[in-house]
1. Pop out the carbon and sulfur fraction of the accessible area of the chain as a percent, whole number, probe 1.4 Å.
2. Would you mind computing Rg(Cα) / (2.2 N^0.38 Å) for the chain, counting N as its residues?
3. Against the longest principal axis of the chain, how steep is helix 79-105, in degrees 0 to 90 to the nearest 10, with axes from Cα atoms?
4. Quickly work out the Gln46-to-Arg26 label distance, labels modelled 7 Å from Cα along the C-beta direction, and quote it in nm with one decimal.
5. With a 1.4 Å probe and all protein chains left in place, how much accessible area per residue does the chain have, in Å²?
6. To the nearest 10 degrees, how steep is helix 7-19 against the longest Cα principal axis of the chain, on a 0 to 90 scale?
7. Which value, in debye to the nearest 20, gives the size of the charge dipole of region 38-106 about its Cα centre, when Lys and Arg are +1 and Asp and Glu are -1 at the Cβ?
8. Compute the acute angle (0 to 90°) between the alpha-carbon long axis of helix 33-54 and the principal axis of greatest extent of the alpha-carbon atoms of the chain; round to the nearest 10°.
Amino acid sequence: MIPWGYTVPAVGAVAAVVLAELVLLRTGLFRRPAYWITIAIVTAFQIPVDGWLTKLSDPIVKYAPQHITGWRFPWDIPVEDFLFGYALVTAVLLVWERRGAREEQA
């Protein structure tokens, strides 16, 4: 078993998405205020939902302690969830931006 088996993929997902934008796609998404506002809105909704799902007092979703850092903030949310959430939303937006640019050229 890999130590931190959820942490390593979460960090890797963020790195892959950021590198894909900076090296491959180059959509300019990270320079747009609308992108950062979107991330803030997603995070604002993620906190209460994820907090309810992962609360240590009565968890619906449980994590193997050997696979996460153990850092939880706020409301017992594993920090890895925020990393995966960021990577997922950013990847979708990058594909959307890239696809939209291609359709405009056609």
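The values are calculated or read from the model by the stated rules, or taken from the named source; none is laboratory data. Quantities reported herein were computed from a predicted structural model and do not represent experimental measurements. Here Cβ is always computed from backbone atoms with ideal geometry, including for glycine, and neighbour counts include all displayed protein chains. The area values use the complete protein model at the heavy-atom level, side chains included, leaving out ligands, DNA and RNA. Shrake-Rupley method; radii C 1.70, N 1.55, O 1.52, S 1.80 Å.
1. Numbers: 5110 of 7230 Å².
Percent of accessible area from carbon and sulfur atoms in the chain: 71.
2. 1.24
3. Tilt of helix 79-105: around 20 degrees.
4. In this crude spin-label approximation the distance works out to 2.8 nm.
5. 68 Å²
6. With both axes taken from Cα atoms, the answer is about 10 degrees.
7. With only Lys, Arg, Asp and Glu charged at Cβ, the dipole is about 80 debye.
8. Long axis of 33-54 versus the principal axis of the chain: about 20 degrees.
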